[in-house]
1. From (1) touching a helix residue (DSSP H, G or I) at 6+ places or on another chain (Cβ under 8 Å); (2) away from ligand 1 (no atom under 14 Å from the Cβ); (3) part of a strand (DSSP E or B), pick out the condition that doesn't hold for residue 256.
2. Which residue pairs have Cβ atoms under 7 Å apart, sit 6 or more places apart or on different chains, and have a first residue in the stretch 439-461 that is charged (D, E, K, R) and a second that is within 16 Å of ligand 2 (Cβ to nearest atom)?
3. When the residues of the stretch 442-454 are narrowed to those that are part of a loop (DSSP other than H, G, I, E, B) and over 26 Å from the mean Cα position of the chain (by Cα), which ends up nearest to ligand 2 (Cβ to nearest atom)?
4. When you scan the stretch 312-395 for helices (runs of 4 or more DSSP H) that lie fully inside it, which ones turn up with 2 or more residues that are closer than 25 Å to residue 245 by Cβ?
5. Determine the pairs where a residue that is within 17 Å of residue 309 (Cβ to Cβ), located within the stretch 463-476, has a partner that is of a type in the set (A, V, I, L, M) and surrounded by fewer than 22 Cβ atoms within 10 Å (Cβ to Cβ) with Cβ atoms under 7 Å apart, the partner being 6 or more residues away or on another chain.
6. Identify the residue in the stretch 316-362 that is among the acidic types (Asp, Glu) and over 25 Å from the mean Cα position of the chain (by Cα) and, among all such residues, is nearest to ligand 1 (Cβ to nearest atom).
Amino acid sequence: MVFLRLRSLATTWWQTGPLFAPPVPHRPGQARPGPGGAPVFLLAHGASAKHWRRTRLMLALGSVLLMLIASGWAVFFSLKGLWAIVALDLAMVATGAASLGMSRQGNLRNASLLLLGNLFVAVGAICVFLDVPSAQVPRATHHFYLSLGACAYLLFRGERALLRHGVALLFFAAFVVFASGEMAIVTPYALPDEVRTGGTWVNNILAALTLYLVLHVMQADVAARNALEDELRAAIDAQQLVLHYQPQIGSDGQVIGAEALVRWQHPQRGMVPPGEFIPLAEQTGLIVPLGAWVMREACAQLMRWSSDPRTAALTLAVNVSAQQFRLPDAVARVGAVLDHHGIDPRRLKIELTESMLHSDVEDTIDKMKALKALGVGFSLDDFGTGYSSLAYLKRLPLDQLKIDQSFVRDVLTDPNDAAIARTVVSLGQTLGLSVIAEGVETEGQRAFLAGIGCHAYQGYLFSRPLPIEAFDAFMRCPGESAPPARSGERPGA
Ligand code: C2E
Ligand code: MG
Ligand code: MG
């Protein structure tokens, strides 16, 4: 089976960029660049901005604490002339300073890796060489492994299982090892019991405080998440969700359709973009009623459009998440909504993502075929950001590939992204599929895409997603809406 990772494929072809450029995924439920593009790993699981701030603060505090403790010990050991230990302490101070700098810049992932990696080694070295247990004074430094393991779990909770569980378990394993045996190498550097008596108290208090801090952050996150979940559940019933429509433009500038994009009109927070609640909806299963509402609303809109000659030929693209599509009665549900509104199924286009091809592909293909038989169209959204099996791609009854906006953004400046755009267009031509580019913001990007054979576009160059009244106005005079008003989104939404 041939798996296609367009970004790495193009990078290998052109050999002009780094050998591995991290993908720029941005779908809900997946990593999405956060403020400053940095805290991707923290936002990956729908973590809130509050969580991001708390984590950043925690890392900054941890770094400062490390610098203070290490500086204190450096002074202490320099008075005793134990220069090897002073060097270790100074290295810890430098580590603390570096991770503080990184967390201030918002680079929380690297700050966490640096801080935790160094602390793992440093705590181990102190346990083995300095904090050698005696009959009178037990070892205490290894207690830090417990609080650091909890920290690691919190910091990497949005990462792959290896990092999420592996790092925390490594810290806990180190705790078990040092708590269960002497595990010491006696050298002249071993601290005398008089020093260790006081140090034991300090270490135990600090380890307990760190653990308390982590528990506090975890509890605050759970509470915030539960509150948001309750609010979202109520919002679906309270009609606080609203669809905005982003025009899709054909080669001669005419509107050929639109994409329906959901927003949450929150009574206090204003218009909340989907990136802030769809991940939670996916995690909690709320995506099913939410998606059903979107489908009903989109089909109702298609019905209204069908009676106006200006809009009767428009197609409406609806994002359907994997969980929705996996429902055993997914086909029947869509069929029922189409019947209820009596609309032409060919006007509805379902947007799926490559993630649908990772498991249960046969079921996906069967359902797509069944809906296709009704006349419903399919577009593969964010194409190029995931892994696609060419073998499956060929078997999917798709109508369209959608070039992801992360490639369109730098299509004029990054040869890799230009290569990917070209690849998607030629793949579309080979497979007999139309190609649309999303995230088109400049005339230069549009002209480049037209030059490589992509003749359908969606993006701020033409219009942002619009409330229905503004979309209707745009349909009446498309030229007048450029540059269009924001549709209540926040920057970066
Ligand atoms: P998507 O389906 O890839 O939608 C395109 C996103 O790109 C939209 O963000 C749109 O506002 C934004 N966009 C469009 N043109 C431009 C541009 O020129 N520049 C830039 N920077 N961005 C542009 P939005 O509305 O925040 O939606 C984000 C994602 O949320 C969507 O990505 C989609 O995956 C998801 N989503 C939205 N509505 C629904 C829904 O009803 N159901 C599900 N399951 N997911 C939805
Ligand atoms: Mg989409
Ligand atoms: Mg997309």
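1. Only one criterion is unmet by residue 256, namely (1).
2. If the second residue must be within 16 Å of ligand 2 (Cβ to nearest atom), the pairs left are 441/459; 441/460; 446/440; 446/457.
3. First, pick out the residues of the stretch 442-454 that are part of a loop (DSSP other than H, G, I, E, B): 442, 452-454.
Checking the rest, the ones that are also over 26 Å from the mean Cα position of the chain (by Cα) come to 452-454.
On the way: 452: 21, 453: 21, 454: 16 Å.
So the residue we want is 454.
4. 322-326, 330-341, 361-374
5. Sorted first by the residue in the stretch 463-476, then by its partner, the pairs are 475/255.
6. That would be 329.
Residues checked against (1) surrounded by 21 or more Cβ atoms within 10 Å (Cβ to Cβ); (2) farther than 30 Å from residue 50 by Cβ; (3) within 26 Å of the chain's Cα centre (by Cα); (4) among the acidic types (Asp, Glu):
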residue	(1), (2), (3), (4)
151	yes, no, yes, no
160	no, no, yes, no
164	no, no, yes, no
168	yes, no, yes, no
179	no, yes, no, no
183	no, yes, no, no
193	no, yes, no, yes
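Conditions tested, residue by residue: (1) without any contact (Cβ under 8 Å) to a residue 60 or more places away in the chain; (2) surrounded by fewer than 19 Cβ atoms within 10 Å (Cβ to Cβ); (3) within 15 Å of ligand 3 (Cβ to nearest atom).
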| position | (1), (2), (3) |
| --- | --- |
| 369 | yes, yes, no |
| 381 | no, no, yes |
| 395 | yes, yes, no |
| 425 | yes, no, no |
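The values are calculated or read from the model by the stated rules, or taken from the named source; none is laboratory data. Please read these numbers as outputs of a predicted model, since none were measured by experiment. No Cβ is skipped: glycine too gets one built from the backbone with ideal geometry, and neighbour counts run over all protein chains shown.
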